[in-house]
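S.K.: Have a look at this one.
Please treat every number below as a calculation from the coordinates, not as lab data. Just so you know, these numbers come straight off a predicted model, no measurement behind them. We place every Cβ from the backbone using ideal geometry, glycine too, and count neighbours over all the protein chains shown.
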Amino acid sequence: MSKDTPDPMRFLVRKVDSANRVDGILLSGSIKHGDSVITVPSGQQTSVMALEQNGNKVTSAEAEANLSIDLTYSVKLLEGDVIACAENTAEYADQFEASIDWLANEELLPGRSYRLQTITGSVDAVGSRLKYRLEGEQQIAANTLQCNERGVGNIALTSPIIFDPVLTCGKLGRFQMLDKTSGECLAEGEIRHGLRRASNIHWQALDVDKDSRAAIKNQTPRIIWMTGLSGSGKSTIANLLEKKLLAQSHHSYLLDGDNVRHGLNKDLGFTAADRVENIRRVAETAKLMLDAGLIVITSFISPFRAERDMARTLFAQGEFIEVFVDTSLEVCEQRDPKGLYSKARAGEIRNFTGIDSPYEPPEHPELVLDTVNLSVEEAADRIIDYLQKQTT
Ligand code: ADP
């Protein structure tokens, strides 16, 4: 039968590599970079970010192609699911009307349970009612089908399947009926149309979450929590680290005293209570930024173990990377980049960490950077290496 409209795009997922990358076969239609697509049955809308055919990047592909697809957002997909063009999606239901070519010697028994096999998988099926038998174009009343007879009837499934009417997509519209015990093929069929939408299908809006925000940035969000004495090198290393991340097209944000103490935390001083509150607010802000999909670097003395541990508890396993910038008080005091140690020694500044306020070094940091033996460059590279090892 000829059709005026082009075949709708249908892509069968054969392998899920990640939440936004899948391998599979283009069953019908064509696909190109930027196309708006919908996942079936999860019903999430996303778009095509990149296509690969035989390991080569391509901008478009035609039916029958084996492809890897990168999607713009993370979606819920399983092997056997379908990605369809957003404007004309595939169906998902547990009942349809079909034409059946009966091939077996024993007759079709409406009411018996058979195995129904489609390109997306298999499910138990019962031929609920035969409507008629076809002799050429003629419809003849019938309750059963004998070998080599064709009929039309309704089929009910124990769970919904993804399909199309055969005229919409031949590959998603054909099925076989198998004997459940022997696996023998008893019939071949073509779906004419769905009868009832499965009640458990929701064409829900895309859930925008941390994973999808991170996926669009092509990165794994992390908190790089730098701790150490004043003058140990936190800000210097953090600044270079951010430049290096930017050069690798990563999206990051550096939270440090300058942008926090002058705004969000300008009401706080340096008493122990204020330091605790300072770190609590920084940790909560970092958490929001992580949720936005960013790699967040925090550069605060954060002298108390309890607050750093509290910050760690806000994040999932592996997300929080505590980096101890380990520089002795003597070296920090010699460097004294802001002249603060000499002021503290002169009694002009109170509660100065290392002088008259304690610093509690981390017990189990993910990384220790000894800035006496490492250059700024080497220290930043250590963090980059750590991030890379963690994500491979
Ligand atoms: P913090 O942010 O920890 O208070 P800063 O980064 O502001 O420390 O200051 C550290 C000072 O130490 C800077 O003047 C920096 O140039 C100097 N410095 C010398 N060697 C290193 C190193 N290996 N790593 C980091 N900083 C270093």
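S.K.: Let me make sure I get this right: for segment 352-392, a, b and c are the square roots of the gyration tensor eigenvalues over alpha carbons, sorted descending. Under 1.5 in a/c it's rounded, otherwise prolate if a/b > b/c, else oblate. Which is it? Can you show the working numbers first?
M.R.: Working: a/c = 3.71, a/b = 1.82, b/c = 2.04.
Because a/c hits 1.5 or more and a/b fails to exceed b/c, segment 352-392 counts as oblate.
S.K.: Turning to a different aspect of this structure: Can you give the net charge of the other residues whose Cβ lies under 15 Å from the Cβ of L254, counting K and R as +1 and D and E as -1? Show your work: numbers first, answer last.
M.R.: Numbers: positive: R222, K234, K243, K244, R261; negative: E242, D256, D258.
Residues near L254 contribute +2 overall.
S.K.: Moving to a separate point now. If each residue of separation counts as 0.36 nm, what is the full-extension length gain between D385 and R112 once their alpha-carbon separation is subtracted? Don't skip to the answer; put the middle values down first.
M.R.: On the way: separation 273, 0.36 × 273 = 98.28 nm, distance 6.14 nm.
Full-extension gain reported as 92.1 nm.
S.K.: If each of A156 and M310 carries a label point 7 Å out from its Cα toward its Cβ, how far apart are those two points in nm?
M.R.: Here the answer is 6.0 nm between the modelled labels.
S.K.: Test of the criteria: in segment 33-72, which GluC sites (Glu not before Pro) are in a DSSP loop and have at most 13 other Cβ atoms within 10 angstrom of their Cβ? Intermediate results must be reported in sequence, preceding the final value.
M.R.: Numbers: sites: E52, E62, E64; in loops: E64.
Here the GluC sites (Glu not before Pro) that fit, given the DSSP loop and packing criteria, are E64.
S.K.: Which of the aspartates and glutamates could be linked to K15 by a straight reach, that is with a Cα gap under 15 Å, when you skip same-chain ones fewer than 8 residues away?
M.R.: Cα-Cα hits under 15 Å: D23, E52, D70, E79, D81.
S.K.: If you place +1 on the Cβ of every Lys and Arg, -1 on the Cβ of every Asp and Glu, and leave all else neutral, what size is the dipole of the chain about its Cα centre, to the nearest 20 Debye?
M.R.: Taking the Cα centre of the chain as origin, the dipole is about 600 debye.
S.K.: Next question, about the same structure. So if I take the centroid of the Cα atoms in segment 90-145 and the same for segment 252-327, what is the distance between those two points in Å?
M.R.: Comparing the Cα centres of segment 90-145 and segment 252-327, I get a distance of 64 Å.
S.K.: Quick one: net charge of A344's neighbours, Cβ under 12 Å, K/R +1, D/E -1?
M.R.: Neighbourhood net charge equals 0.
S.K.: Please state, to two decimals, what the Cα-based radius of gyration of segment 210-390 comes to when divided by 2.2 N^0.38 Å (N = residues). Show your work: numbers first, answer last.
M.R.: Details: Rg = 15.9 Å, N = 181, 2.2 N^0.38 = 15.9 Å.
It is 1.01.
S.K.: While we're here: Answer rounded, prolate or oblate for segment 10-85, using the Cα gyration tensor with square roots of eigenvalues a ≥ b ≥ c: rounded when a/c is under 1.5, else prolate when a/b is larger than b/c, else oblate. Before the final figure, lay out each step's value.
M.R.: Values: a/c = 1.34, a/b = 1.31, b/c = 1.02.
Here segment 10-85 falls in the rounded category.
S.K.: Further question: Between S375 and E360, 0.36 nm times their residue separation minus their Cα-Cα distance comes to what? Don't skip to the end; give the middle numbers.
M.R.: On the way: separation 15, 0.36 × 15 = 5.40 nm, distance 2.40 nm.
Fully extending the segment from S375 to E360 adds 3.0 nm.
S.K.: Once you keep just the Cα pairs under 8 angstrom separated by 6 or more residues, what percentage relative contact order results for the chain?
M.R.: Numbers: 846 pairs, mean separation 51.9, N = 392.
The normalised contact order for the chain reaches 13 percent.
S.K.: Loop by DSSP (not H, G, I, E, B), at most 10 other beta-carbon atoms within 10 Å: where is the longest site-free stretch of the chain for trypsin sites (Lys or Arg not before Pro)? The partial results should precede the final answer.
M.R.: On the way: sites that count: K3, K266, K338.
Longest site-free region, per DSSP loop and neighbour criteria: 4-265.
S.K.: Can I ask one more? List the relative contact order of segment 91-200 as a percent without decimals, with contacts defined as Cα pairs under 8 Å and 6+ residues apart.
M.R.: 39 percent
S.K.: For segment 202-292, with equal point scatterers placed on the C-alpha atoms only and solvent neglected, what are the log10 I(q)/I(0) values from the Debye formula at q = 0.11, 0.14, 0.25, 0.26 1/Å, to two decimals?
M.R.: Per q value, in the given order, log10 I(q)/I(0) is -0.42, -0.63, -1.36, -1.40.
S.K.: Could you give the nm distance between label points at D267 and S30, where each point is 7 Å from its Cα heading toward the beta carbon?
M.R.: 6.1 nm
S.K.: Another question, if that's okay. How large is the Rg to Rh ratio of the chain when both quantities use alpha carbon positions and Rh follows Kirkwood? Walk me through the intermediate numbers first.
M.R.: Numbers: Rg = 31.4 Å, Rh = 25.6 Å.
Across the chain, the Cα-based Rg/Rh ratio is 1.23.
S.K.: Positive end of the dipole of the chain, charges at C-beta (+1 Lys, Arg; -1 Asp, Glu), about the Cα centre: which of A272, S28, V372 has its Cα farthest in that direction?
M.R.: Farthest along the dipole direction, towards plus: A272.
S.K.: Quick check for me: using +1 on Lys/Arg Cβ and -1 on Asp/Glu Cβ, what's the dipole size of segment 10-85 about its Cα centre, in debye to the nearest 20? All intermediate terms of the calculation are to be shown ahead of the outcome.
M.R.: Details: 7 positive and 9 negative charges, 21 e Å.
Charge dipole of segment 10-85: 100 debye, to the nearest 20.
S.K.: Label points 7 Å out from Cα along the Cβ direction at A141 and E52: separation in nm?
M.R.: Simple spin-label model gives 6.1 nm for this pair.
S.K.: Let me ask another. On full extension of the chain, what length is gained from N148 through S328, given 0.36 nm per residue of separation minus the C-alpha to C-alpha distance? Each step should come with its number before you reach the end.
M.R.: Working: separation 180, 0.36 × 180 = 64.80 nm, distance 8.88 nm.
Extra length available between N148 and S328 comes to 55.9 nm.
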